[in-house]
Amino acid sequence: MINIFQPTLGKEELKAVEEVFESNWIGKGPKTKEFEEKLAEKIGCSHDNVLTTTCCTEGIFQILDYLKIGEGDEVILPSISFVGVANAIVSRGAKPVFCDVELDTLNVTSYHISEKITHKTKAVIIIHYGGLPCEMETISRVCKQNKITLIEDNACSPFSKYKGVNTGTLADFGVWSFDAMKILVAGDCGLIYCKNPKDKVELEKRCYLGLETPSGASNTIDKKWWEFEISSSSRRSIVNDITSAIGLEQLKKVDSFIETRKKCHIMYSVGLDDLDWLTTPPNGFEYVDSSYYMYWIQLENEDVRNDLAKYLKANGIYTTFRYYPLHWVEYYNDDSTLVNTEKAAKTTLCLPIHQSLKEEEVQMIIKKIRNYKWQE
Ligand SMILES: *Cc1c(COP(=O)(O)O)cnc(C)c1O
């Protein structure tokens, strides 16, 4: 079966892990600091703006805790979002307000956000679908005008750029994911970006039990290093040096990963563009760079989409749709009607795209799609 996503790990990562073993310190330490520093450099900010955490989901939980989002508050997010984001909102006792997206990019716009703003709106959490950046200038303006905190879920758009600036650094907060299915894979890991370095200082404490004082040997309180104080009753959400060592090796390769994904994207579009029974994704705009996390096609209706997915699976090609609309998830008990979201969810199919996918495999997938015949 050809996977839709897949990590690309090699002997470099293995060697880096070996070195961490040999150092006899596998917890959060020098490798994690280096990983944060190198990530900051890569995304064009200071180490004072970023910190690692266990995963992207945890990063969003931590940020909403820190912002004291709570009962009576509303947080707007596209219904086509990752489930963990809505869970973070609900866990605070706040209401997730699901908004619509554009049909072709599956991205949210300032228009879709504005429609849902009320006096209760405290935050907006956007995602750059499949790696293609949202129209951030207008989204930022709407949030500023309404004094709403803007958070970028940047899990699927690492190193995407909007007008030359890295996505994830365009809002008040941004969160990355380096989990097993993402472009840069560190096992499980996330990165939090804070526009204001003061927020980083506070979130860093919150990601380590709310401790006010460093632990162990570096604690200098009057030589009584076992004493401590906390400023919040928080969790332990830190990253270890094994994870960071893998991440550091991946970071060296990530530009080539994205380059390979771009080639794959172009190959699909060239190979499928002339078919009148499907739509290929937009290539983006002059002023944005995508991470090419997903490649998607859109079919005429749900029956064709489902049938094509089954046909491809029977041919050893795994496809899917991300992200199943959250306003359809019963648990959230939401009765919104979101026209574009619902149409996209019924007609969109995400095809395999990852840096280990071979050119012949992409050509084979294209050929299979071209040979597909819808029979009612
Ligand atoms: C994968 C993903 C997440 C979750 O990331 P984790 O690090 O696994 O918690 C969140 N948002 C989007 C858009 C994702 O694709």
Worksheet, complete the sentence: Restricting region 161-185 to residues that are among the small types (Gly, Ala, Ser) and closer than 26 Å to Pro7 by Cα, the one surrounded by the fewest Cβ atoms within 10 Å (Cβ to Cβ) turns out to be Ala180
Worksheet entry | Residue under evaluation Gly174, criteria (1) out of contact with any Gly (no Cβ under 6 Å at 6 or more places or on another chain); (2) free of Cβ contacts under 8 Å to residues at least 60 places away in the same chain, criterion not met | (1)
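Only one of these is open to solvent by 10 Å² or more (accessible area, probe 1.4 Å), under 30 Å from Asn333 (Cβ atoms) and more than 16 Å from the ligand (Cβ to nearest atom): Asp73, Asp65. Name it. Working first, answer last.
Working: Asp65 fails: more than 16 Å from the ligand (Cβ to nearest atom).
Exactly one residue qualifies, and that residue is Asp73.
Just checking, which of Gly131, Gly164 is at pLDDT 95 or above, away from the ligand (no atom under 16 Å from the Cβ) and among the small types (Gly, Ala, Ser)?
Gly164
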Fill in: Matching residues in region 331-363 - criterion: being farther than 30 Å from Val254 by Cβ and open to solvent by 50 Å² or more (accessible area, probe 1.4 Å)
Tyr331, Asn333, Asp335, Thr337, Val339, Lys343, Lys346
Worksheet item: Within region 279-311, restricting attention to residues that are within 11 Å of Leu132 (Cα to Cα) and touching a Pro at 6+ places or on another chain (Cβ under 6 Å), which residue is surrounded by the most Cβ atoms within 10 Å (Cβ to Cβ)?
Response: Ser291
Worksheet item: Which number in (1) free of Cβ contacts under 8 Å to residues at least 60 places away in the same chain; (2) of a type outside the set (D, E, K, R); (3) under 30 Å from Leu338 (Cβ atoms) marks the one condition that Ala40 misses?
Response: (3)
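Among the residues that make up region 38-48, is at least one of them surrounded by 18 or more Cβ atoms within 10 Å (Cβ to Cβ), in contact with a helix residue (DSSP H, G or I) (Cβ under 8 Å, 6 or more places away or on another chain) and more than 20 Å from Ser291 (Cβ to Cβ)?
As a first pass, look at region 38-48 and keep what is surrounded by 18 or more Cβ atoms within 10 Å (Cβ to Cβ): 39-40, 43, 45.
Filter again for in contact with a helix residue (DSSP H, G or I) (Cβ under 8 Å, 6 or more places away or on another chain), leaving 39-40.
Subsequent filtering for residues that are more than 20 Å from Ser291 (Cβ to Cβ) retains none.
Checked region 38-48: no residue is surrounded by 18 or more Cβ atoms within 10 Å (Cβ to Cβ), in contact with a helix residue (DSSP H, G or I) (Cβ under 8 Å, 6 or more places away or on another chain) and more than 20 Å from Ser291 (Cβ to Cβ).
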Item to complete: Can you confirm whether region 146-160 contains a residue that is surrounded by fewer than 19 Cβ atoms within 10 Å (Cβ to Cβ), in contact (Cβ under 8 Å) with a residue 12 or more places away in the chain and among the basic types (Lys, Arg)?
Response: no
Discussion item. I'd like to know if region 121-132 contains one or more residues that are in a loop (DSSP other than H, G, I, E, B) and at positive phi.
Written reply: no
Worksheet entry | Residue ID - nearest to the chain's Cα centre (by Cα), chosen from residues in region 93-116 that are of a type outside the set (Val, Ile, Thr) and under 19 Å from Lys144 (Cβ atoms) | Cys99
Worksheet item: Quick check, is Asp276 open to solvent by less than 30 Å² (accessible area, probe 1.4 Å) and either more than 16 Å from the ligand (Cβ to nearest atom) or of a type in the set (A, V, I, L, M) (or both)?
Response: no
Discussion item. Of the conditions (1) open to solvent by less than 10 Å² (accessible area, probe 1.4 Å); (2) outside any helix (DSSP H, G or I); (3) more than 21 Å from Lys68 (Cα to Cα), Ile113 satisfies every one except a single condition; which number is it?
Written reply: (2)
Worksheet entry | Gly27 open to solvent by 10 Å² or more (accessible area, probe 1.4 Å) and either on the phi < 0 side of the Ramachandran plot or of a type in the set (Lys, Arg) (or both) | yes
Worksheet item: Does Thr320 count as in contact (Cβ under 8 Å) with a residue 24 or more places away in the chain, open to solvent by 10 Å² or more (accessible area, probe 1.4 Å) and closer than 19 Å to Lys343 by Cα?
Response: yes
Discussion item. Which count do you get for residues in region 76-93 that are open to solvent by 10 Å² or more (accessible area, probe 1.4 Å) and touching a residue at least 24 places away in the same chain (Cβ under 8 Å)?
Written reply: 6
Practice prompt. Any chance you could count how many residues in region 1-24 are of a type in the set (A, V, I, L, M) and open to solvent by less than 90 Å² (accessible area, probe 1.4 Å)?
Written response: 5
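Just for region 248-261: of the residues that are surrounded by fewer than 16 Cβ atoms within 10 Å (Cβ to Cβ) and not hydroxyl-bearing (Ser, Thr, Tyr), which one is farthest from Lys15 (Cα to Cα)?
Restricting attention to region 248-261, the residues satisfying the condition of being surrounded by fewer than 16 Cβ atoms within 10 Å (Cβ to Cβ) are 252, 255-256, 259.
Keeping just the survivors that are not hydroxyl-bearing (Ser, Thr, Tyr) gives 252, 255, 259.
Numbers: Lys252: 14, Asp255: 21, Glu259: 25 Å.
Selected residue: Glu259.
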Worksheet entry | Among residues of region 262-296, those that are out of contact with any helix residue (DSSP H, G or I) (no Cβ under 8 Å at 6 or more places or on another chain), closer than 23 Å to Trp176 by Cβ and assigned to a helix (DSSP H, G or I), counted | 2
Worksheet item: In region 188-212, which residues are near the ligand (Cβ under 10 Å from one of its atoms) and in a loop (DSSP other than H, G, I, E, B)?
Response: Asp188, Cys189
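The values are calculated or read from the model by the stated rules, or taken from the named source; none is laboratory data. For clarity, every value in this text was computed on a predicted model and none was experimentally measured. Note that each Cβ is placed from the backbone with ideal geometry, even for glycine, and that neighbours are counted across all protein chains shown. The area values use the complete protein model at the heavy-atom level, side chains included, leaving out ligands, DNA and RNA. Shrake-Rupley method; radii C 1.70, N 1.55, O 1.52, S 1.80 Å.
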